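Read the structure below first, then the notes.
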Amino acid sequence: MEQVALSRKTETPQDCAGKLSEKWLTFRLNGQLYGLSIAAAEQIVRMQPITAVPHFPSCARGVINLRGNIVPLVDLRRVLRLPEGVETERTCIIIASVGACQVGFMVDDVDAVLDIPPEAVSALPGAEQGACSSACLTGIGRLPAGDGSETVVLCLNPAKLLGQDEIQLLMSA
C-alpha cells in the first residue's frame, strides 16, 4: 500500500468548513466499520518498523520513524478493547492529530472517504442521560447499502480515544 496524503486540493479552508464535518475516513477493525473525521486524519501510511518503548501505555505498540519524525503508534484494537488481530498486507497506519500531537493509529484496513450527513448520525443510546459507555464514539452513522439495508459506521472522536495521561506518556518518547 502506498502512502496517501489526504489533501483538499482546490478548495480553501472556508470552502471546506461546512463539508469537513460530513466527511469521514472509514476503516475496519475486527470486521466492523469505523469512521474518523477527515479533519483529524492527516495521511495513511503502510506499516512501518515499530520500535518498542518501555513504560509506554498498554494501548501503544511503540514508535515509528515517519520521514525523520518519531510518531507514537497506537493499536486501535487495544484502545477499543477488541481482540488482538493479525497484521496483514492491508494493515496500515492512520496519522491523525490528537490535540496538538501527531499519533499513528494502527487499523486492519482503510475503506474509503465517505460523506455522512449529520442527519444520518444517531446519538449513542443513553448518551443524553450520561450513560454512554464509550466516550470515544461521537455517534453511529447509517448509510444506505446497495441491497436496501444500511451500513453502520461507528464514528470515533480522536480527541477522546486517549486520556490526557496517555497522551503525555506518548509524547515523552
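Annotations
- Whole-percent carbon and sulfur share, accessible surface of region 31-80, 1.4 Å: 49 percent
- Residues listed by number, region 135-173, amide nitrogen under 16 Å from residue 51 label point at 7 Å toward C-beta: 170-173
- Taken about its Cα centre, region 41-118 carries a charge dipole of about 300 debye when Lys and Arg each add +1 at the Cβ and Asp and Glu each add -1 at the Cβ.
- Note on region 38-79: Rg/Rh from C-alpha atoms, Kirkwood Rh, equals 0.97.
- Averaged per residue, region 18-173 has 51 square angstrom of accessible surface, using a 1.4 angstrom probe with ligands and nucleic acids left out.
- Taking a ≥ b ≥ c as the square roots of the Cα gyration tensor eigenvalues, region 21-136 comes out prolate, since a/c reaches at least 1.5 and a/b is larger than b/c.
- Hypothetical label at residue 165: residues of region 46-64 whose amide nitrogen lies under 15 Å (7 Å Cα-Cβ projection): 55-60
The values are calculated or read from the model by the stated rules, or taken from the named source; none is laboratory data. The model shown is predicted, which means the values in this text are computed figures rather than measured ones. Neighbour counts run over all protein chains shown; Cβ positions are idealised from the backbone, glycine included. Ligands, DNA and RNA are excluded from the accessible area calculation, which covers all protein heavy atoms including side chains. Shrake-Rupley method; radii C 1.70, N 1.55, O 1.52, S 1.80 Å.
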